[in-house]
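Here the structure is laid out as structure tokens; the discussion comes afterwards.
The values are calculated or read from the model by the stated rules, or taken from the named source; none is laboratory data. Only a predicted model underlies this, so the values are computations on that prediction, with no experimental measurement involved. In this analysis, Cβ positions are derived from the backbone assuming ideal geometry, glycine residues included, and neighbour counts consider all displayed protein chains. Heads up: the accessible areas ignore ligands, DNA and RNA and are worked out on the full protein's heavy atoms, side chains in. Shrake-Rupley method; radii C 1.70, N 1.55, O 1.52, S 1.80 Å.
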Amino acid sequence: MTIHHYIGSPYELPTGSFGIKEKLVPLPEVSSFNRNSKKEKLITIYEKEEDAYGISIHRLTDGYSDIKHVFTLPYIYELSCDAHPKSMRELFTYIEEHLVEGCHIELYSCLDGDEAEEKYSSLDTSINLKTFYLGKHYKLDKKKYIYELGEMLTFKDKQFVVVVK
């Protein structure tokens, strides 16, 4: 089953793709297949596997508006974020760049079709980017916290995460 991720903010956030390093190249440049084709097709390539990982943030579509009850913030977006550490690092880089000091962002994940269900409060967690704490007990390294979060954090079904700065 598909798990969906959401991000809530007290203000509008930039939308689009972040951290993905793709290149569009003509097909004949990478393959002899269709070399004589009159129409030149472009394909997406990545120089390294990690280049394919990043995040995408899009406005919430009508079919998923049931998710709003989970959030305390007015601006809610759909978040595309793979379980890969690079995607998680890109998410926290994005949050670090766009989260205003003194504010917080909310993250939530649930299975497709479960948007109207209640979150699992036992999975609630917080990340404080000012004090560098994950939850109440784990102190993140001030210089490597984005890397650490990318390696340690994975989203669970019906988990609510508050990120404070």
Given Cβ point charges of +1 (Lys, Arg) and -1 (Asp, Glu) and nothing else, what value in debye, to the nearest 20, does the dipole of segment 109-162 about its Cα centre take? 620
Which net charge results when you count Lys and Arg as +1 and Asp and Glu as -1 among the other residues whose beta-carbon is under 11 Å from that of Glu117? -3
Hey, what's the chain come to in accessible area per residue, 1.4 Å probe, Å²? 59
Pull up the cross-link candidates among the lysines for Lys156, meaning alpha carbon to alpha carbon under 17 Å and not fewer than 8 places away within one chain. Lys119
Under 5 Å from the placed amide H of Ile127, counting only residues 5+ away or on other chains, we find Gly135, Val162, Val163, Val164
Gaussian network model of the chain, Cα within-10 Å springs - most flexible of Leu123, Leu149, Leu13: Leu123
Loop sites in segment 43-140: trypsin sites (Lys or Arg not before Pro), DSSP, at most 11 other Cβ within 10 Å: Lys48, Lys130, Lys136
Where does the charge balance sit around Glu22 when Lys and Arg score +1, Asp and Glu -1, over other residues with C-beta under 15 Å from its C-beta? -3
Intensity falloff of segment 68-109 expressed as log10 I(q)/I(0), Debye formula with alpha-carbon point scatterers, at q = 0.21, 0.32 Å⁻¹: -0.80, -1.22
Treating only the Cβ of Lys, Arg, Asp and Glu as charged (+1, +1, -1, -1), what charge dipole size does segment 58-157 show about its Cα centre? Round to the nearest 20 debye. 680
Helix-only [θ]222 nm of the chain, DSSP H runs n ≥ 4, -39500 (n - 2.57) each, per residue, nearest 500: -4000 deg cm²/dmol
Which stretch or stretches of segment 125-165 have amide N atoms under 16 Å from the point lying 7 Å from Glu97's Cα along the Cα→Cβ direction? 146-147
Once amide H atoms are placed 1.01 Å from N in the peptide plane, what residues at a sequence separation of 5 or more from Ile20, or on another chain, have their amide H within under 5 Å of its amide H? Ile55
Which of Glu97, Glu50 is most accessible, then next, and so on - probe 1.4 Å: Glu97, Glu50
Under 18 Å from Lys139, Cα to Cα: aspartates and glutamates that are on another chain or at least 8 residues apart: Glu96, Asp124, Glu148, Glu151
For Ser9, net neighbour charge (Lys/Arg +1, Asp/Glu -1) across residues whose Cβ lies under 15 Å away: -3
Percent relative contact order of the chain, based on C-alpha pairs within less than 8 angstrom and at least six residues apart? 28
Hand me the tally of lysine pairs in segment 1-103: alpha carbons under 24 angstrom apart, and the pair either on different chains or 8 or more positions apart. 9
In whole percent, the fraction of accessible protein surface over the chain that belongs to carbon or sulfur atoms, probe radius 1.4 Å, stands at 50
Can you give me the distance in nm between label points at Glu47 and Met1, each placed 7 Å from the Cα along the Cα-to-Cβ direction? 4.1
Chymotrypsin sites (Phe, Trp or Tyr not before Pro) within segment 34-106: which are DSSP loop residues with at most 11 other Cβ atoms inside 10 Å? none
